[in-house]
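Novice: Quick one: structure below, then a few questions.
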Amino acid sequence: MRSLSPDARNMLLLMGIGLVVRLALLPFSQTIDADAVTRTFLAYKWLNNPKLITSDVWLPLHLYFNAAAIRLSGSLVTGPKLMNIIFAVLTVVPLYKFVKNEFNREGAFYVALTYLFVPIVIRNSLQALSGIPYAFFVVSAMYFLSQGRKTGRQFFYGMLAGLAMTLAGGFRYEAWLLMAVFTLVLLFQRQWKMTATLVVFSLLFPIFWMTGSYINHGDIFYGPKGAYRWNIVLSGVNDKMTFGKYIRRIFFFFVSWFFLLSPVVASLIVFYTDRARRKRLLSQGTWLWLLPFVVLFAAFVFKAINGTLLLQHRFTLSLIFTSLPFYALVFQDGRALKLKRKIAVWVVVLLIPYSFLNRDIYAIPRLKNQEVVDLVSLINSKTQDPRAEGLVLDFIGWEESYYLSLRSDIVPENIFHVSGAKHENINVNLLRKMLEKNPEGFLLIKNRESKLDSHLTRVSDTLIEFKVDGLQLQLEKIYSDEEMKVFHYNVLHETG
């Protein structure tokens with residue numbers, strides 16, 4: 001350790017803290033995000049039939065990384081979480097180096113430390129979501145571009161930044177927008193060679209993806225347009241809009257950013273950034289790094305208003321890592337450093353308990369209804385052959401339905417989900433095929449407002465029948481409460 005530079009020691013200390021905290025929280029976390037479960041199942045299915053994905057609504061790199069994590073760990077639950085924990089901890093390195101380059105060493109330490117403890121960063125690193133690895137690659141690109149300007153090695157660092165951005169672009173579409181914004185930053189900085197290199201290498205994946213989308217679907221933006229179909233058409237987020245709903249959409253991401261960083265850190269960023277502007281404490285080249293935050297914020301508000309971006313705190317991650325570097329301005333003048341350090345440390349210490357003031361930003365993802373855990377245990381205790389039995393899940397909530405499917409012993413290909421999207425109908429043919437393939441299993445039905453009601457006729461308390469073709473299921477009730485019933489089913493016969 002003595003032979004290491006102060007910066008290397010700082011980064012190792014930060015990574016060690018971030019890793020220990022996340023590993024300590026890991027046993028208490030529960031995968032409750034529907035997207036996280038869906039991404040895990042897609043990776044599992046891909047492992048059974050690996051192939052190059054050339055087009056889809058979701059980008060493919062997270063699927064590949066999740067698949068590798070599942071294969072290496074042997075666990076659908078723990079593997080993807082461990083991968084995200086590693087990416088979250090590794091983000092310390094480029095973030096620290098970027099802030100040191102553009103601001104100061106003292107600020108670099110506390111910016112990286114704060115990032116590790118921001119509630120949504122911890123929460124997302126304990127679920128199989130794509131935001132954490134995407135953030136790692138984007139922040140890496142930011143460092144490479146900063147280093148290229150500092151050292152004059154424009155081609156080399158432009159290439160590294162482009163490769164990092166093309167990888168980020170394989171995780172989330174926000175990276176595609178940031179490719180354009182980073183290009184603008186370099187143009188304003190008059191880094192001509194690095195601009196050209198960044199553009200060439202960053203567009204490698206987007207060109208590949210748009211080409212595949214055009215060949216397969218006749219639309220180069222088939223993937224990004226998937227958000228419109230899901231949010232507007234199927235989920236009906238724009239149904240019955242009111243003035244109050246529009247106001248909420250306008251201010252949601254600002255409020256989310258403000259409270260996820262904590263009012264203390266957010267206020268300090270605003271105050272010291274304005275102070276730096278008034279006193280002209282930063283170079284134009286550093287000021288330009290505020291552009292990604294401003295553009296992303298404007299894009300988020302626009303897409304929130306038109307309904308193509310859901311009001312979910314996990315998306316605020318992009319606003320956090322593009323604005324948090326300016327927190328380093330607090331330490332820029334070197335005054336009252338002891339007091340500032342104490343405040344920064346106390347903010348970090350209190351961030352996790354602070355997150356529990358609002359369930360939507362809990363640092364540790366946990367089910368609101370823990371009775372679902374007992375229900376999973378009950379179903380698993382009665383499962384004889386996970387590869388032969390089926391599981392039909394009525395929609396009982398985004399968290400509950402998907403947690404139940406992930407934690408059940410039934411293999412993912414034998415699970416049928418009734419969609420929670422308001423206007424998405426049940427694919428009866430797919431359900432029927434699953435039942436024919438798995439003539440024995442478990443059926444969960446809501447007591448009220450079930451989409452299954454329009455396709456099933458209850459013949460008796462122990463027998464239901466499909467209205468279309470008379471396929472019959474014999475039922476044995478194993479659980480019941482005010483919201484749902486769970487049956488063990490056996491397919492009897494077909495008529496007609």
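Novice: Which Cα, out of Ala141, Thr308, Phe41, lies furthest along the positive dipole direction of the chain (beta carbon charges, K/R +1, D/E -1)?
Specialist: Ala141
Novice: What do you get for the angle between helix 291-306 and the principal long axis of the chain? Use alpha-carbon atoms, 0 to 90 degrees, nearest ten.
Specialist: 30 degrees
Novice: A further question follows. Modelling each spin label as a point 7 Å along the Cα-to-Cβ direction, I'd like the Lys240/Asn306 distance in nm, to one decimal.
Specialist: 2.5 nm
Novice: Give, rounded to the nearest 20 debye, the magnitude of the charge dipole that the chain has about its Cα centre when Lys and Arg contribute +1 at Cβ and Asp and Glu contribute -1 at Cβ. It would help to have the intermediate numbers written out before the result.
Specialist: Details: 53 positive and 34 negative charges, 609 e Å.
Approximately 2920 debye in magnitude.
Novice: With Kirkwood's inverse mean 1/r over C-alpha pairs for Rh, give me the Rg to Rh ratio of the chain, two decimals please.
Specialist: Numbers: Rg = 24.9 Å, Rh = 24.6 Å.
That ratio is 1.01, to two decimals.
Novice: Karplus couplings for region 42-57 from phi (6.51 cos²θ - 1.76 cosθ + 1.60, θ = phi - 60°), rounded to Hz, Gly and Pro as x?
Specialist: Along region 42-57, the couplings run 4, 5, 4, 5, 5, 4, 7, 8, x, 7, 6, 8, 10, 6, 4, 6 Hz.
Novice: Next up: May I ask you to sort Lys225, Lys433 by Cβ crowding, counting other Cβ atoms within 10 Å and putting the fewest first?
Specialist: Details: Lys225 15, Lys433 12.
With the fewest neighbours first, Lys225, Lys433 line up as Lys433, Lys225.
Novice: Which far-off residues, 5 or more places away or on another chain, put their amide H under 5 Å from the one on Leu463, with H placed in the peptide plane?
Specialist: Under 5 Å from the amide H of Leu463 lie the amide H atoms of Leu475, each far enough along the sequence or on another chain.
Novice: Decide, for region 371-491, between rounded, prolate and oblate: order the square roots of the alpha carbon gyration tensor eigenvalues as a ≥ b ≥ c, take rounded if a/c falls under 1.5, and otherwise choose prolate if a/b is larger than b/c, else oblate. Intermediate values should be presented prior to the final figure.
Specialist: Working: a/c = 1.29, a/b = 1.14, b/c = 1.13.
Note, shape of region 371-491 comes out rounded.
Novice: For a Förster distance of 22 Å, can you work out the FRET efficiency between the beta-carbons of Phe356 and Phe251, rounded to the nearest 0.05?
Specialist: Computed FRET efficiency for Phe356 and Phe251: 0.45.
Novice: How large is ³J(HN,Hα), in whole Hz, for each residue of region 373-388 in order, when computed from phi with the Karplus curve 6.51 cos²θ - 1.76 cosθ + 1.60 and θ = phi - 60°, using x for Gly and Pro?
Specialist: Karplus values, whole Hz, x for Gly and Pro: 4, 5, 5, 4, 4, 5, 4, 5, 5, 9, 7, 9, 9, x, 8, 10.
Novice: While we're on this one: If R₀ is 22 angstrom, what is the calculated FRET efficiency for the pair Asn425 and Val57, using the beta carbon separation as r and rounding to 0.05? Mind showing how you got there, number by number?
Specialist: Details: r = 18 Å, r/R0 = 0.84.
About 0.75, to the nearest 0.05.
Novice: Go through 400-411, 356-367 and give me the packing order, highest mean Cβ count within 10 Å leading.
Specialist: Ranking, from highest mean packing down: 400-411, 356-367.
Novice: Can you tell me the order of 45-55, 181-191, 124-134, 293-303 when each peptide is scored by its average per-residue count of other Cβ atoms within 10 angstrom, highest first? The partial results should precede the final answer.
Specialist: Values: 45-55: 12.2, 181-191: 18.5, 124-134: 26.1, 293-303: 16.8.
So the order, starting with the most tightly packed, is 124-134, 181-191, 293-303, 45-55.
Novice: Also: Near the amide H of Tyr479, under 5 Å away, which other amide H atoms are found, from residues 5 or more places off or on another chain, if H is placed in the peptide plane?
Specialist: Val486
Novice: Moving on to the next point. Give the residues of region 343-374 whose amide nitrogen is closer than 18 Å to a point set 7 Å from the Cα of Arg275 in the direction of its Cβ.
Specialist: Only 343-347 fall inside the zone, counting backbone N under 18 Å.
Novice: Moving on. Indicate the gyration tensor shape class of region 263-316 (rounded, prolate or oblate), computed on the Cα atoms with a ≥ b ≥ c the square roots of the eigenvalues: a/c under 1.5 is rounded; otherwise a/b larger than b/c is prolate and the rest oblate. Display every interim value, and only then the final one.
Specialist: Numbers: a/c = 3.43, a/b = 1.93, b/c = 1.77.
Prolate.
Novice: Among 483-490, 381-388, 165-172, 268-275, what's the highest-first ranking by average C-beta atoms within 10 angstrom per residue? Display every interim value, and only then the final one.
Specialist: Values: 483-490: 18.2, 381-388: 12.6, 165-172: 25.9, 268-275: 16.4.
Result, highest mean Cβ count within 10 Å first: 165-172, 483-490, 268-275, 381-388.
Novice: To continue, here is another question. Show that you can apply the helix-only estimate: for the chain, add -39,500 (n - 2.57) for every DSSP H stretch of four or more residues, divide by all residues, and state [θ] at 222 nm to the nearest 500.
Specialist: Working: 21 runs with 282 residues, N = 496.
My calculation for the chain gives -18000 deg cm²/dmol from helical runs alone.
Novice: Under a 5 Å amide H to amide H cut-off, with H placed in plane at 1.01 Å, what residues pair with Gly390 once short-range neighbours are removed?
Specialist: The list, which skips near neighbours in sequence, is Glu440, Gly441, Phe442.
Novice: Over 32 Å between Cα atoms, which of Lys437/Lys485; Lys245/Lys368; Lys51/Lys100; Lys51/Lys150 qualify? Don't jump to the answer; show the numbers that get you there.
Specialist: Details: Lys437/Lys485 23 Å; Lys245/Lys368 25 Å; Lys51/Lys100 42 Å; Lys51/Lys150 41 Å.
Distance filter (> 32 Å) returns Lys51/Lys100; Lys51/Lys150.
Novice: What list of ³J(HN,Hα) values in whole Hz, one per residue of region 236-247 in order, does the Karplus curve 6.51 cos²θ - 1.76 cosθ + 1.60 (θ = phi - 60°) give from phi, with Gly and Pro shown as x?
Specialist: Using θ = phi - 60°, the values come out as x, 5, 9, 5, 6, 6, 10, 4, x, 5, 5, 4 Hz.
Novice: Oh, and also: Report the extension gain between Lys150 and Val294 in nm, rounded to one decimal, defined as 0.36 nm multiplied by the number of residues separating them, less their alpha carbon distance.
Specialist: Numbers: separation 144, 0.36 × 144 = 51.84 nm, distance 2.37 nm.
Contour length minus Cα-Cα distance gives 49.5 nm.
Since every read-out is calculated from the coordinates, none of them should be taken as a lab result. Keep in mind it's a predicted model, so treat the numbers as computed, not measured. Reconstructed Cβ throughout: ideal geometry from the backbone, glycine too, with neighbour counts over all protein chains shown.
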